[in-house]
Amino acid sequence: MLRILCCVKRVPAPGARINVTADGLAVDAAHLGFTTSPHEECGVEEAVQIAERCGGEVTVLTLGPPEAAEQLRYAASVGAHRGVLVPADGGARDPQRTAAILAEAIRRLESADGAGPFDLIVFGNESADSGGFQVGVRTAYGLGRPIVNGVKGIEIDGPAVRVRREIDGGFEVYEMEMPAAVGVKEGINLPRYPTMKGRLASKRLEIEILDLDAPLGGQTMVRLRRPAETVSETAILGHGPEAAPAVADVLESLGVL
Amino acid sequence: MPEFPSEARCVVIGAGIVGNCLVGHLAKLGWTDLVLLDKGPLPNPGGSTGHASNFIFPVDHNKEMCLLGEQSANQYRDLGLSVDSGGIEVARTPERMDELQRRMTSAVAWGVEARLLTPAEVAELVPFVNPEVILGGFYCPTVSVVDSLETGTRMRTLAVEAGCRVFANTEVLDITTRPGPVEGSRAVEAVVTDKGAISTEHVVIACGVWSNRVANMAGARIPLAPAVHQMADVGPIDILAATGNEIGYPIVRDMDTFCYERQSAGSMEVGSYAHRPILHHPDDIPSNAEAALSPTEMPFTPDDFDPQMEQAIELIELLGDAEIKYAINGLLSLTPDAMPCLGETPEVRNLWSAAAVWVKEGPGMAQVVAEWMTHGYPRVIDAHGADIARFYPPEQTDEHIWARAAEHFNKTYGIVHPAEQWEGRRFLDAGPYLSRQRELGAEFFQARTWERPQWFESNADLVDRYGVEGREVEWDARWWSPITVAEHLNLRENCGLVDLSAFQIFELSGPGAVAYADYLAVNRIDVPVGRAVYTPWLTPDGGFRSDLTMMRMAADRVRIVTGVFDGGRDEYWARRHLPHDGSVSFANVTGEITTLGVWGPNAPAVVGALTDADLSQAGSPYGWLVDVELDCGGGRTVAAALFRISYVGDAGWEIYAAWDDGPAVWDALMAAGADWGLRPTGGGVYGTSGRLEKGYRLMGAELESEYNPLEAGLARPRVKEADFIGKQAYLRARSAAGGPEVAMCTLAVTDHADRRGRKRYMQGGNEPILTLDGNRITDSHGRVSRVTSAGPGPSVGRYLLMAYLPVELAAPGTELQVMYMNELFPVEVAGTGAVFDPDDARLKG
């Protein structure tokens, strides 16, 4: 039975315009809901599909505020079996610190009850909010596991995992002995929605808590800045055949006719 | 896109279902110089219309909501943008089954096709419903699903063809006002937007959840709160997809779980009114750009929805395996009293509100406002319940709006008794007798913000004395006590003291006061000083606008006394029509004057104990005010005005005194009345049993703008010379061949027994009056005969109903039926006047 670990991050679900808090250090989430970072949502789906296909158990791990339990439950509602929360202290976080905490959490989970290493650790390629592209690689490195990023396909082949990623005009294919890690990209699959029963079942998930910390890594965020907005306006050119001349005018003005 | 204008006759803000239909209706009524603005893009600018579930259940107990819903449904149908899916309200509890019987009754009243279903019949129509968890269903085949966005587009297009200019992505930054034509008033001046300012005569706020914020820009208030209604779209579901339709199965309302299931192509929308009230301040709603979905589709809070899911799966098991594709905390508008906010704002002339309107009643309510703007009052229906002017200041505070919205949110699918009282926000206003009344065990009913004793537990001994029976069915006895009947009988035998402090009292003063009062009123107000006149005020179309008393206090001063339910609307109307020359001043003196009523055969003795004034009919004639000094004991005398009149039809007076003198008068009367059987007496007698025995009409019940004084039986033999609002229409009605088509009648129930042998008592909630053949009774205008008021007539030993009947059915003794809780009870017409003391011997003798 495969043991798959999936790391997820709770991130704001913003609209077209992202507001920044007054101190410039965070996204203003006053009007926002929270979600799982999209690459990681695909990671959970991929992990669940592999487990369904090959037989296995999916554990989801997150480092975040207590509310990140919502994201663990969401993962459970679409098929994950276990949820582990490492409460964040609310202080500054950087990729090194996060990766060190996750690596230690994974070691603890793997050593508990002599379970042994996870066969596959799935990261999202990068988080939707800070977009550092580092945590997966650093964690895998810390654990001494091979990792391939930018993954758009995963096949389990006995003790190996074969992954592929897009390049111009084709794919690169990598094969790693498990235990291994991957950073998946959105598009690898179309994540399912939770069913009502799945959602209700996820309410019963007992969330495991691991209290861990690690020193700061040295990278600090100075501030966030919102770039100047580009305002676009939509004009309805008409309905039905009567709209054709106006459409033609616009195409001409754009130089495509 | 047209050039941004600097002027327009009317600017409508908000291009949701209401704003779009409003410009469409205005265009139909001849308006051309219109501008429609929205801060969002078209056709879905991001308001509540964009996420509405778009279905209309045609039965509501409330007349305005029901008939405007029907009007709206028909407008959607006329555009071909509606499908009759049918809909079923299912019951899981016996209480809900009773409520469904009541729904059947309202369906008959409003002429809506409906029938009750067994659980098996529900499952025949909706095969995926589990019949094991329900007791039955209420089925309306004409429940419809509408395309509100396309309807808005069509109505907007219609307006554009008439000249309306439309600007999307245009944010209103301010509404400026200028001094109005009457001193101290304000009027609309311009709408300032991020694209420029438009000078305009009229502004309509149709901004949905943002309406109060926009109104505040002009110094006006539209009391509504944006509230969450959770909805999840789950699917795909094969049996739904197989229909190949947007809607192929009837919509199911799971009434006892406050939840609905509505097919949307291959998915099911599950909507909830069961979760905790979640309210958002308008300032906390994100902009279009900031919102993840749309501004009014807030992030879903799944914990709130989980219990609803379990209940939904109980009813429809296949939902359990369906995926939750889309789930929102959708915002909609709630008001403090669950009614919309329509009409001109009292604060700013020509600033109109068309807010707190849902998709299900949008087109009809837009028509109401368009007619109001065009004709001076709506024609399609009397809209007094939705009139924005109805609110008193305490009702417009955020605290009140939020508390009330939170309290009634979970009653959206609730079983709400016609007399149901609010739990929170009580005792906002009360007379100066509150502590005394509490000591007497008063049960208070709230009228808008005012607390009024309905009965007094201290009178419980009278129940035995008069042998008053209780009511055996809990629903009939809810918000009722036999004490109220006992208080009535005591008043008729001895006398009662009634707190009338909730009267709303205004004064017109100045050289033009009397002429202006005459311009408002049907009856002549230019009468000798000291005379008081009971009179209708009419709409421009000659229907009832108000029904009140006007008192000639001095050569240049007229007092207006009106009921608490209509004080806001009447103040607005009286201020709105003030002459522009400054010859009349208006003042609200409600807080300065308290009123007590003392009535019954012993009233002259009780009041006479406090004054040496001549209280005979000669000294204090009916309909006249007499100034007196009341000896309140301990050397204290109080100046008061005695007004011989009675809404309970008995000898006695309304006593007007300074607010602070009220308690002394109360104590003196109670002391003087101890030997005369005087008892504090509640609103159950004043507003219901005493009134009904005398056939006195009540504004908002018997009297609405759809009826005129001839039909109400309130026309006087002659029409005064002076002009007044509605006079031409009134004269036309008076000269119509054949006379009025309907007459306001009092009917008596001749047998109260239901099928189970229990005595039932109609509550006066629009129960339909039917012929002996069981047919509805309507007139040529489509107005239906229905119960407008109901209550006991203890002194005549009959249970009384009031209803308009076609004149051919109005003869005393005519046998008819009333439907109550879906059962028929025999009634007979008692007449068009009083059933107790028809000659007014007690009142005037």
Among B:Ala322, B:Ala274, the single one that is touching a helix residue (DSSP H, G or I) at 6+ places or on another chain (Cβ under 7 Å) and at the interface with another protein chain (Cβ under 9 Å from one of its Cβ atoms) is B:Ala322
Considering region B:277-314, residues that are more than 34 Å from the chain's Cα centre (by Cα) and among the charged types (D, E, K, R), and then whichever is farthest from the other protein chains (Cβ to nearest Cβ), we arrive at B:Glu314
A:Ala75 meets each of (1) crowded, with 18+ Cβ neighbours inside 10 Å; (2) away from chain B (no Cβ under 14 Å) with one exception, condition (2)
Those residues of region B:437-464 which are part of a helix (DSSP H, G or I), over 13 Å from B:Pro482 (Cα atoms) and touching a strand residue (DSSP E or B) at 6+ places or on another chain (Cβ under 8 Å) amount to B:Gln437
Of the residues in region B:362-374, those that are of a type in the set (S, T, N, Q) and either surrounded by fewer than 22 Cβ atoms within 10 Å (Cβ to Cβ) or within 14 Å of chain A (Cβ to nearest Cβ) (or both) come to B:Thr374
message = Going by what's in this entry, would B:Asp174 be described as in contact with a Phe, Trp or Tyr (Cβ under 6 Å, 6 or more places away or on another chain), over 18 Å from B:Trp358 (Cβ atoms) and assigned to a strand (DSSP E or B)?
response = no
Only one of B:Ala405, B:Ala477, B:Ala430, B:Ala386 is small (Gly, Ala, Ser) and surrounded by fewer than 19 Cβ atoms within 10 Å (Cβ to Cβ), namely B:Ala477
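From the list B:Gly184, B:Gly219, which residue is in a loop (DSSP other than H, G, I, E, B), in contact (Cβ under 8 Å) with a residue 40 or more places away in the chain, at positive phi and not assigned by TED's automatic domain parsing to the domain that holds B:Asp321? Break it down into steps so the answer makes sense when it comes.
Details: B:Gly184 fails: in contact (Cβ under 8 Å) with a residue 40 or more places away in the chain.
Of the residues listed, the single one that is in a loop (DSSP other than H, G, I, E, B), in contact (Cβ under 8 Å) with a residue 40 or more places away in the chain, at positive phi and not assigned by TED's automatic domain parsing to the domain that holds B:Asp321 is B:Gly219.
I'd like to verify a number: residues in region B:112-141 that are part of a strand (DSSP E or B), within 22 Å of B:Thr243 (Cβ to Cβ), in contact with a Gly (Cβ under 8 Å, 6 or more places away or on another chain) and not aromatic (Phe, Trp, Tyr), how many? Don't jump to the end; show me each part of the working.
Initially, region B:112-141 is screened for residues part of a strand (DSSP E or B), giving B:115-117, B:136-140.
Still in the list and also within 22 Å of B:Thr243 (Cβ to Cβ): B:117, B:137, B:139-140.
When the remaining residues are screened for being in contact with a Gly (Cβ under 8 Å, 6 or more places away or on another chain), the result is B:117, B:139-140.
Among the residues that remain, those that are also not aromatic (Phe, Trp, Tyr) are: B:117, B:140.
Qualifying residue count for the region: 2.
Here is a yes/no grid of residues against (1) over 30 Å from B:Tyr572 (Cα atoms); (2) surrounded by fewer than 18 Cβ atoms within 10 Å (Cβ to Cβ); (3) in contact (Cβ under 8 Å) with a residue 40 or more places away in the chain; (4) not assigned by TED's automatic domain parsing to the domain that holds B:Trp358:
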position	(1), (2), (3), (4)
B:Ala232	yes, no, yes, yes
B:Ile237	yes, no, yes, yes
B:Thr243	yes, yes, no, yes
B:Glu246	yes, yes, yes, yes
B:Tyr249	yes, no, yes, yes
B:Thr257	yes, no, yes, yes
B:Arg262	yes, no, yes, yes
B:Ser267	yes, no, yes, yes
Scanning region B:312-361 for residues that are surrounded by fewer than 21 Cβ atoms within 10 Å (Cβ to Cβ), in contact with a Ser or Thr (Cβ under 7 Å, 6 or more places away or on another chain) and in a helix (DSSP H, G or I) gives B:Gly320, B:Asp321
Among residues of region B:494-509 being over 26 Å from the mean Cα position of the chain (by Cα) and in a strand (DSSP E or B), the residue surrounded by the fewest Cβ atoms within 10 Å (Cβ to Cβ) is B:Ser509
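Here is a yes/no grid of residues against (1) in contact with a strand residue (DSSP E or B) (Cβ under 7 Å, 6 or more places away or on another chain); (2) modelled with pLDDT under 95:
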site: B:Thr681; (1), (2): yes, no
site: B:Arg697; (1), (2): yes, no
site: B:Ser705; (1), (2): yes, no
site: B:Ala722; (1), (2): no, no
site: B:Ala736; (1), (2): no, yes
site: B:Ala748; (1), (2): yes, no
site: B:Arg755; (1), (2): yes, no
site: B:Gly764; (1), (2): yes, yes
site: B:Thr771; (1), (2): yes, no
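Sort out which residues of region B:382-434 are at positive phi and either out of contact with any Pro (no Cβ under 9 Å at 6 or more places or on another chain) or small (Gly, Ala, Ser) (or both), and write them in order of number. Lay out the reasoning, then the answer.
Just the residues of region B:382-434 that are at positive phi, to begin with: B:425, B:427.
Answer for region B:382-434, where residues must be at positive phi and either out of contact with any Pro (no Cβ under 9 Å at 6 or more places or on another chain) or small (Gly, Ala, Ser) (or both): just B:Phe427.
Suppose the filter is out of contact with any helix residue (DSSP H, G or I) (no Cβ under 8 Å at 6 or more places or on another chain) and either within 14 Å of chain B (Cβ to nearest Cβ) or surrounded by 15 or more Cβ atoms within 10 Å (Cβ to Cβ) (or both); does A:Val256 pass it?
Working: out of contact with any helix residue (DSSP H, G or I) (no Cβ under 8 Å at 6 or more places or on another chain): yes; either within 14 Å of chain B (Cβ to nearest Cβ) or surrounded by 15 or more Cβ atoms within 10 Å (Cβ to Cβ) (or both): no.
Answer is no for this residue.
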message = Given the condition assigned to a loop (DSSP other than H, G, I, E, B) and under 22 Å from the mean Cα position of the chain (by Cα), answer yes or no: does some residue in region B:524-540 qualify?
response = yes
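Listed residues A:Leu32, A:Leu61; which is at pLDDT below 95 and crowded, with 21+ Cβ neighbours inside 10 Å?
Checking each option against the conditions leaves just A:Leu32.
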Matching residues in region A:225-257 (at pLDDT below 85 and β-branched (Val, Ile, Thr)) number 4
task = Can you confirm whether region B:373-383 contains a residue that is more than 23 Å from B:Thr49 (Cα to Cα), in a helix (DSSP H, G or I) and not aliphatic (A, V, I, L, M)?
result = yes
Considering region A:175-219, residues that are basic (Lys, Arg) and touching a helix residue (DSSP H, G or I) at 6+ places or on another chain (Cβ under 7 Å), and then whichever is farthest from the other protein chains (Cβ to nearest Cβ), we arrive at A:Lys185
Cβ pairs under 6 Å, 6+ apart or interchain, first in region B:523-551 and basic (Lys, Arg), second part of a loop (DSSP other than H, G, I, E, B), ordered by first then second residue, are B:Arg524/B:Lys720; B:Arg545/B:Thr539
Legend entry - Residue match in region B:590-610 (condition: without any contact (Cβ under 8 Å) to a residue 40 or more places away in the chain and not aromatic (Phe, Trp, Tyr)): yes
**Asked** Do we find a residue being of a type outside the set (Ser, Thr, Tyr), closer than 24 Å to A:Leu85 by Cβ, in contact with a Pro (Cβ under 8 Å, 6 or more places away or on another chain) and within 14 Å of chain B (Cβ to nearest Cβ) anywhere in region A:47-54?
**Response** no
Check on B:Val23, outside any helix (DSSP H, G or I) and hydrophobic (A, V, I, L, M, F, W, C) = no
Exception for A:Gly158 within (1) away from chain B (no Cβ under 14 Å); (2) crowded, with 17+ Cβ neighbours inside 10 Å; (3) not hydroxyl-bearing (Ser, Thr, Tyr) falls at (2)
Counted residues in region B:338-372 being more than 18 Å from the chain's Cα centre (by Cα) and either within 29 Å of B:Glu183 (Cβ to Cβ) or outside the structural domain of B:Glu189 (by TED's automatic domain parsing) (or both) come to 6
Of the residues in region B:788-798 that are in contact with a helix residue (DSSP H, G or I) (Cβ under 9 Å, 6 or more places away or on another chain) and assigned to a loop (DSSP other than H, G, I, E, B), the one that is surrounded by the most Cβ atoms within 10 Å (Cβ to Cβ) is B:Pro794
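The values are calculated or read from the model by the stated rules, or taken from the named source; none is laboratory data. All figures in this text were calculated on a predicted structure; none of them were measured in a lab. In this analysis, Cβ positions are derived from the backbone assuming ideal geometry, glycine residues included, and neighbour counts consider all displayed protein chains.
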